[in-house]
Structure formats: C-alpha cells, structure tokens
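Enquirer: Mind looking over this structure? Questions follow.
The values are calculated or read from the model by the stated rules, or taken from the named source; none is laboratory data. Because the structure is a prediction, the values reported are computed rather than measured. Cβ: placed from backbone, ideal geometry, glycine included. Neighbour counts: every protein chain shown. Only protein heavy atoms, including side chains, enter the accessible area calculation; ligands, DNA and RNA are left aside. Shrake-Rupley method; radii C 1.70, N 1.55, O 1.52, S 1.80 Å.
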Amino acid sequence: MDGELIFARAGFGARAVGYLDGWDLQRRLHERRCRGEIPDSCLLLEHQPVYTAGKRTSPLDRPVGDPGAPVIDVDRGGKITWHGPGQLVGYPIVALGEPIDVIAYVRALEQALIGTCAAFGVAATRVDGRSGVWVTDRPGRPDRKIGAIGIRVSRGVTMHGFALNCDCDLAWFDRIVPCGISDAAVSTLSAEAGRAIGVQAVLDVAERHLADALGARSWRRVDGTGGLLPPAEVAHRPAGPPPIPTAVS
C-alpha cells in the first residue's frame with residue numbers, strides 16, 4: 001500500500017467487541033474497501049472471550065467439553081486460537097498491490113509485531129515453518145508464541161489479521177492446542193518483559209509499527225468506525241451467515 005491508513009479503535013475493556021459483531025464489521029469494511037469507497041483501514045480492539053477455529057483446525061485441537069467461551073468456525077487460514085481481554089487484536093482491511101503476495105503481507109504483519117515487542121524490551125522473532133511471532137531466547141525452555149496471525153484475502157483485500165498477547169490470562173490456551181502446535185508454549189508481553197504491559201500501553205506503539213510495515217504514506221486514528229461506515233450501517237448489524245470466501249489463504 002502507498003496511501004492513507006486509518007486505525008479504527010473499535011472497543012476495549014468494558015467495551016470489548018463480541019466476535020460476531022467484529023466479524024460483521026470486518027465484512028462491511030471489506031466490501032466498502034473493495035468498492036473503493038474508503039481507504040485502507042485497520043480495526044484495533046479487544047474481544048470478549050472466544051475461540052476461533054480456522055479452516056485447518058483438527059478435531060483434536062478443539063476444546064473438550066465446555067471451554068467457558070464460544071467456539072466459532074471462521075473463514076481465515078490457520079487453526080484454532082483464543083481471543084479475549086488482555087490481547088490486542090488487529091484486523092487490517094487493506095488492498096494488496098498486484099501481483100498479490102500473501103506471504104509478503106504476512107511477513108509485514110510479523111515485522112510489525114516484532115517491532116512492537118522490541119519497543120518494550122522483548123526480543124521476538126520468526127520461527128521457520130511456523131507462523132506468528134515467537135520468543136526463543138531462553139535455553140532449556142520451549143519456544144513461546146506471543147503473537148498469532150491468521151488472514152484471508154478476497155478480491156485483493158485482506159481480512160482477519162493478528163493477535164498480540166499483552167497481559168491476557170494464559171489459562172484459556174490450556175483448553176485447546178493453540179494454532180495446532182503441541183510442542184511449544186504461549187506467552188505474553190508482560191510475562192516476557194517482567195512487568196505489567198496492558199493493551200492500552202501497546203496501542204500507540206503498535207500503530208506506528210503497523211503503518212511502517214505496511215508502507216502507509218500517512219496514517220491517522222479514529223474512535224469507533226469514524227466515518228468508515230455510513231451512520232445507518234453503524235447502527236445496524238446485518239443478520240445471516242458470513243459470505244462464502246472467494247479467495248482464502
């Protein structure tokens with residue numbers, strides 16, 4: 001991208017966004033971006049507790065019994081993960097340039113998360129053969145995943161995105177096989193930095209690194225959807241199932 005990027009802060013803390021509401025919002029923004037009615041944007045939010053299962057989720061990765069939160073099958077790549085309080089979730093709705101390079105886009109998101117972690121003194125990195133962002137610098141301990149990425153590209157425009165664990169309760173991950181990886185662990189920015197780092201402390205830093213990694217010429221932030229949707233659409237949550245994806249990665 002080489003134009004403007006708008007960060008829409010959609011809801012945090014007591015105003016955390018329900019997953020289905022956030023998914024509806026993504027789809028509406030995606031449609032408007034495909035029609036060229038809005039510039040590139042990125043939803044930033046916290047979700048109410050939820051498990052989301054991507055297209056490659058194995059039945060063995062899913063929780064057994066009642067996990068204490070809904071389990072929702074979604075149209076992104078990847079496997080199962082958890083979203084909820086203490087985790088910064090970002091959904092970039094951006095038009096990729098031609099030729100579309102999905103791998104390069106994922107690498108850009110990873111780089112943004114790596115830069116954000118570095119700003120708080122945490123040396124995160126990539127791990128060959130595994131998506132997301134990891135901490136691997138302590139001998140004798142397993143690799144720890146601190147940031148997850150799962151995306152969809154349809155009509156050349158991205159959906160879904162990333163989740164960065166800031167100070168969330170890791171017990172939620174004990175009920176699943178996170179991202180289908182059984183030989184590694186999950187961690188948070190707070191645990192790795194040795195001090196409390198909440199979502200609100202991370203927001204400004206994450207925006208700067210995302211804008212840089214995505215190549216935005218300029219960027220700004222708005223509260224809520226701030227003009228990205230017509231007032232009537234902001235007030236109305238459409239019913240019905242999500243559309244069938246035309247292109248998935």
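Enquirer: Just checking, which of Gly3, Gly68, Gly77, Gly54 is open to solvent by less than 20 Å² (accessible area, probe 1.4 Å), more than 14 Å from the chain's Cα centre (by Cα), of a type outside the set (Lys, Arg) and modelled with pLDDT under 95?
Expert: None of the others qualify; the one that does is Gly3.
Enquirer: Within the range 132-141, identify whether any single residue is at pLDDT 95 or above, in a loop (DSSP other than H, G, I, E, B) and surrounded by fewer than 21 Cβ atoms within 10 Å (Cβ to Cβ), and answer yes or no.
Expert: no
Enquirer: Something else now. Quick check, is Arg141 out of contact with any Ser or Thr (no Cβ under 9 Å at 6 or more places or on another chain) and free of Cβ contacts under 8 Å to residues at least 24 places away in the same chain? It would help to see each step written out before you state the result.
Expert: Details: out of contact with any Ser or Thr (no Cβ under 9 Å at 6 or more places or on another chain): yes; free of Cβ contacts under 8 Å to residues at least 24 places away in the same chain: no.
No, not satisfied.
Enquirer: Looking only at the range 99-124, count every residue that is open to solvent by 10 Å² or more (accessible area, probe 1.4 Å), among the acidic types (Asp, Glu) and touching a residue at least 12 places away in the same chain (Cβ under 8 Å) and tell me the total.
Expert: 0
Enquirer: Oh, and also: Quickly run through the range 4-27 and pick out the residues that are touching a Ser or Thr at 6+ places or on another chain (Cβ under 8 Å) and under 15 Å from Asp40 (Cβ atoms).
Expert: Glu4, Leu5, Ile6, Phe7, Ala8
Enquirer: Filter the strands (runs of 3 or more DSSP E) completely within the range 22-129 down to those with at least 3 residues that are not basic (Lys, Arg).
Expert: Filter on the range 22-129 gives 40-45, 50-53, 71-73, 80-83, 87-93.
Enquirer: Looking at the structure I just gave you, is Ala8 under 14 Å from the mean Cα position of the chain (by Cα) and part of a strand (DSSP E or B)?
Expert: So Ala8 fits the description; yes.
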